[in-house]
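What follows is a single structure, written as structure tokens, with notes after it.
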Amino acid sequence: MHLKDYYKLLELEPSATLPEIKKAYRRLALLHHPDKTGNDPYSAAQFSDIKEAYEVLTNPAKKEKYLQKRWYDQSIGKRKTQEVITPVSVLKQALELERYASKLDVFRMDKEGLKDYIQDLLSPATIEQLKQFNEPAITGQIVTAIIKSANALQQQQVIPVAERLQQLAGNDTISCEQINTFAHKHRTRHQQEKYNFLIIIIATILICLLIWIAGH
């Protein structure tokens, strides 16, 4: 996932002082606090990110680690995002991943890295936050996009991805069926690959044996 831009979340410049950070947090927290917004899930998500930004930028150790990561991402041209975690924002990232993965050579791609990225995108905290919105249609689109992105993964990499997708889908029958089909297809392919490998070994042994017999 993209690194969050905590300064933009607090509507501040990177040069903001500690008093300015505290002042911005108090102002935005009053606007988005669940008590003020009637527990609206979008405002609650906004409040959660504002609180996270404040806690990081007012903690010297966390801030230093964040700034190092921020500098590194800037140095390699990786963009930041100040988007709040919502079904729409996660769907946008899932669709970006799907487009990116579709262009990769399946034989040379970093499959372990792809698996890690998906697990990061669908972290337990993100899944829990998405469930609060109760938007099964968008959740279904996220599941579909992730499945398409993960199609080239190996069986051992598919297992944790499928588990995260199941957690996200919850009781959505259509999404659960789609996930089960995805996992079953990879299990079947894995079994076929094992059997094909055994057949190749046996065939090789038989050919070598026939050559030896013919030579004697």
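Residue check: Ala53 meets all listed conditions (1) small (Gly, Ala, Ser); (2) outside any helix (DSSP H, G or I); (3) under 23 Å from the mean Cα position of the chain (by Cα); (4) at pLDDT 90 or above but one, namely (2). Just wondering, is there one or more residues in region 173-192 that are within 27 Å of Arg108 (Cβ to Cβ), over 18 Å from the mean Cα position of the chain (by Cα) and crowded, with 19+ Cβ neighbours inside 10 Å? Yes, region 173-192 contains a residue that is within 27 Å of Arg108 (Cβ to Cβ), over 18 Å from the mean Cα position of the chain (by Cα) and crowded, with 19+ Cβ neighbours inside 10 Å.
Looking at this structure, is Ser43 free of Cβ contacts under 8 Å to residues at least 24 places away in the same chain, outside any helix (DSSP H, G or I) and not aromatic (Phe, Trp, Tyr)? No: the conditions fail for Ser43.
Counting just the residues of region 1-33 that are closer than 30 Å to Leu95 by Cα and assigned to a helix (DSSP H, G or I), which one comes out modelled with the lowest pLDDT? Filtering first and then ranking leaves His32.
Here is the figure for region 95-116: residues that are exposed (fewer than 13 other Cβ atoms within 10 Å of the Cβ) and closer than 12 Å to Asn151 by Cβ total 2.
With Tyr7, Tyr25 as the choices, which residue is surrounded by 15 or more Cβ atoms within 10 Å (Cβ to Cβ), hydroxyl-bearing (Ser, Thr, Tyr) and touching a helix residue (DSSP H, G or I) at 6+ places or on another chain (Cβ under 7 Å)? Don't jump to the end; show me each part of the working.
Numbers: Tyr7 fails: touching a helix residue (DSSP H, G or I) at 6+ places or on another chain (Cβ under 7 Å).
Unique residue meeting the criteria: Tyr25.
Look at region 178-192: where a residue is within 15 Å of Thr144 (Cα to Cα) and a partner is of a type outside the set (Gly, Ala, Ser), sitting 6+ places away or on another chain with Cβ atoms under 7 Å, you get Gln178/Val143; Gln178/Thr144; Gln178/Ile147; Ile179/Val143; Ile179/Leu165; Ile179/Gln166; Phe182/Ile147; Ala183/Val158.
The values are calculated or read from the model by the stated rules, or taken from the named source; none is laboratory data. Since the model is a prediction, treat every value here as computed from it, not as a measurement. With ideal geometry, Cβ positions are generated from the backbone for all residues, glycine too; neighbour counts draw on all protein chains shown.
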